[in-house]
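Please find one structure pasted underneath; my questions will follow.
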Amino acid sequence: MAYEAYESISVDVSGGVAVITFHRPEKYNALSTEVYFDLARAFAEIQLDRTIDVTVITGEGEKAFCAGADIQQYAGPAAEHDPRQKDRQEFFYEDVYKRVYDLHCPVIAKINGYCVGGGLILAAFCDLRIAVDDAKFGVPVTDIGQIPGGGSTHRVSQLIGEAKVKELVYTAGMAEADEAEDIGFVNHVVPREDLDETVDGIVEAIQNTGRKAVKNSKRAINYSVNAPDLDTAHEYESAVWWEQFATEERERLVDEFNAE
C-alpha cells in the first residue's frame with residue numbers, strides 16, 4: 001500500500017500502526033473538501049490493509065486537533081445552493097465519519113488542541129479519545145444558524161447523553177478537557193508532554209493482545225450499541241464469538257496461557 005500523494009494529510013504506517021496527521025495548522029487543521037477526500041481515500045486504503053492493528057488520528061501543531069469545516073461553504077441564501085449537491089455533500093461527510101466507525105481496527109483520536117465542529121464529530125466516531133489538558137470541545141454551529149450534521153446528533157448523544165448534547169448545542173458552548181472526560185467523551189486527559197507516551201502505551205497494550213480478538217470485539221460492540229434490542233445484539237455477539245473461537249489465534253493464546 002502506497003499511502004502517499006495526499007494533499008492535506010499524511011498517512012505514516014509502521015509496525016502495524018497507521019498515523020493520520022492533518023497538515024493545516026494555519027487553519028487549525030480545518031476540514032476542507034480536500035481534507036474529506038483525502039480522509040475518504042486513507043480510510044479506504046487502511047480498510048484494505050489488514051496488517052494494521054491500530055489507527056491514530058491527530059493534527060499538526062499544538063493549537064488544534066481539528067477545528068471543523070470551512071464556514072464559507074454555508075454562505076449565501078439557500079436558493080443559491082443546489083439541494084441535490086448539498087444532499088450528496090452531506091451524505092459524503094457522513095460516509096467519511098462512518099468509515100472511521102466501521103474501520104477494521106481500533107481508531108484513536110490523539111487530541112492535541114481544539115476539537116470543534118466537524119473535528120469533534122470525527123473524534124466521536126473514533127473508538128478512543130485521548131486529549132491534552134488544555135484541549136477544548138464543542139459543536140458551536142448554532143452560532144452560524146446551523147444544526148449539527150454528519151450523524152453527530154445520534155453518535156455524540158450515545159457518548160455523553162441527550163441532556164449534555166442539548167446544552168452544548170443550544171448555547172454554542174465549549175467544554176474544557178476535564179469536563180469532556182467527566183461526561184464520558186474523552187477516555188484520558190493528560191499533560192501535553194505526556195500525550196505521545198500515553199497514546200503509545202495504549203497502542204502497545206492493544207498490540208499485546210489477540211489482534212483478531214480486538215477487531216472482532218470492535219465489530220460486536222459497535223453492533224450491540226446500535227442494535228434495536230438485546231436479543232438481536234446477543235445473536236450477533238454469539239456469531240462473532242464463535243467466529244473468533246475458531247481462529248488459530250484463540251488456540252495459540254489459550255495454549256500459551258495454560259503453559260504458564
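Is it true that V189 is of a type in the set (A, V, I, L, M) and crowded, with 17+ Cβ neighbours inside 10 Å?
Against the criterion (of a type in the set (A, V, I, L, M) and crowded, with 17+ Cβ neighbours inside 10 Å), V189 qualifies.
Looking at the structure I just gave you, is A180 in the same structural domain as G117 (by TED's automatic domain parsing) and in a helix (DSSP H, G or I)? Break it down stepwise before answering.
Details: in the same structural domain as G117 (by TED's automatic domain parsing): yes; in a helix (DSSP H, G or I): yes.
Taking the combined requirement at face value, the residue satisfies it.
Something else now. I need the full set of residues from the range 214-239 which are assigned to a helix (DSSP H, G or I), more than 19 Å from the chain's Cα centre (by Cα) and either under 20 Å from R99 (Cα atoms) or among the aromatic types (F, W, Y) (or both), in order please. Please lay out each step first, then the result.
Keep residues of the range 214-239 that are assigned to a helix (DSSP H, G or I), which gives 214-226, 230-239.
So of that shortlist, the ones also more than 19 Å from the chain's Cα centre (by Cα) come out as 230-239.
Correct list: Y236 only.
The values are calculated or read from the model by the stated rules, or taken from the named source; none is laboratory data. What you are looking at is a predicted structure, and each value in this text was computed from that prediction instead of being measured. Backbone-built Cβ (ideal geometry, glycine too); neighbour counts: all protein chains shown.
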